[in-house]
Structure formats: structure tokens, C-alpha cells
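The values are calculated or read from the model by the stated rules, or taken from the named source; none is laboratory data. Quick caveat: nothing in here was measured; it's all calculated off a predicted structure. Positions of Cβ are generated from backbone atoms using ideal geometry, with glycine treated the same way; all protein chains shown enter the neighbour counts. Heavy atoms of the whole protein, side chains included, go into the accessibility calculation; ligands, DNA and RNA do not. Shrake-Rupley method; radii C 1.70, N 1.55, O 1.52, S 1.80 Å.
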Amino acid sequence: MAVHDGESPAEAAKLANILRFDAAVIDLAMPEEAAGLNLLAWFRSHRHYRTLPVLILTGHVALGEEVQE
């Protein structure tokens, strides 16, 4: 097993295009606004990753509308 990390959704998507992930851990509170949700949407829009197991984490107590979308 190997672990790869991307500091942004763009970097994570680039890695996912090169490598084949078996699972993903996404932080909802990535630096860009709604970045974690955008990355999740990116995974779900690609046929190789539509059923990818994804664990979503955050260190924020309240995310408000981001989670409700």
C-alpha cells in the first residue's frame, strides 16, 4: 500500500489521473473554498472513481452550508 497526498484539489486530481487510487481521504476544510466537496465531485464525475471509497474529515466544528449541499 502506498499513500499519496495532494495539497490542493488540482494536485490530488493530477495524482489520481497518473495513479489508480483504491480509496481517498478528503479534508472538507482544504485551503480553497469548498475544495473538499469539489474534489469529491471530481472523483464522482470520473468513471474510474465513481465508486471509490471516500472518507471525509474536517477539523472545523461547524461548516454550515457546505455540508448541507
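Could you work out the local net charge near Thr51, counting Lys and Arg as +1, Asp and Glu as -1, over the other residues with Cβ closer than 15 Å to its Cβ?
Around Thr51, the surrounding residues sum to +3.
Could you list, bin by bin from short to long, the percent of Cα-Cα pairs of region 1-46 in 10 Å steps?
Percent of Cα pairs in each bin: 26, 62, 11, 0.
For Met1, Met30, give the ranking by accessible area with the largest first, probe 1.4 Å.
So, going from the largest accessible area down, we get Met1, Met30.
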